[in-house]
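Remarks on the structure that follows.
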C-alpha cells in the first residue's frame, strides 16, 4: 500500500482486496458509494449519480461539527467513464439542487471546480486503486477526509459477499 502526495492534489493509492468489477461498483452505484464515502461519522446521501459522460452527480454529506450538524453538498459531472477501469468527474461545493456556491456561501477562499480521477487495475485478484483529486491540496482537510473514506471503503468491501 502506498499513499503518494502532490502539492496541488490528493493522490491515494491502495490495494483493495476485491475484484475490479466490485470496486467499480463502489464508485458507480449510489447505495455502495453512500456506504463508504466521506469522513467517519458522516451520513451520505446520493441524490443523483448518472454514470455516463456528461451525466450529473449530486452527493450530500451530513456531519457533526463543533458548531452543530451541517450538510455539505458536492455536485459535478462525469467526464470519462470506461468501465471498469477509469472514472473521472468534476466536483464543486453546491446547494442541494446542484447550483455551485459562491466563495462566501461555500466558506472557501474561491469557488473552484476540482477534478477526481479513479483508476482501477487488476492485481492478482485484487484491485490497485489510484484516486487523484486535483485542486485539493495534500495535507488539507479534504485530504484527511479522503483518507478516512478510503479506510471506510476497504472495511465496507470486506463485508460484501464474493461470487
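Readers should treat all values here as calculations from the given coordinates under stated rules, not as data from a laboratory. A quick note: this is a predicted structure, and the numbers were derived from the prediction, not measured. Note: ideal-geometry Cβ built from the backbone for every residue, glycine included; neighbour counts use all protein chains shown.
With the simple model of a label 7 Å out from the Cα in the direction of the Cβ, residue 95 to residue 31 spans 3.2 nm. Per-residue extension of 0.36 nm, minus the Cα-Cα distance of residue 159 and residue 140, leaves a gain of 3.9 nm for this segment. Here the relative contact order of the chain, from alpha carbon pairs under 8 Å that lie six or more residues apart, stands at 28 percent. By the compact-protein rule of thumb, 2.2 N^0.38 Å, the alpha-carbon radius of gyration of segment 19-66 corresponds to a ratio of 1.25.
Here r is the Cβ-Cβ distance between residue 48 and residue 17 and R0 is 30 Å; the resulting FRET efficiency, rounded to 0.05, is 0.50. Is segment 93-153 best put as rounded, prolate or oblate by its Cα gyration tensor, with a ≥ b ≥ c the root eigenvalues, rounded for a/c under 1.5, and otherwise prolate when a/b is larger than b/c, oblate when not? Here segment 93-153 falls in the prolate category. The eigenvalues of the Cα gyration tensor, multiplied by 5 and square-rooted, give segment 5-158 an equivalent ellipsoid with semi-axes of 24, 17, 16 Å from largest to smallest. Can you list the residues of segment 126-153 with backbone N under 17 Å from a point 7 Å past the Cα of residue 8, pointing along Cα to Cβ? Within reach of a label on residue 8, which here means backbone N under 17 Å from a point 7 Å along Cα→Cβ, segment 126-153 contributes 132-140. Here segment 109-138 and segment 28-69 have alpha carbon centers that stand 16 Å from each other.
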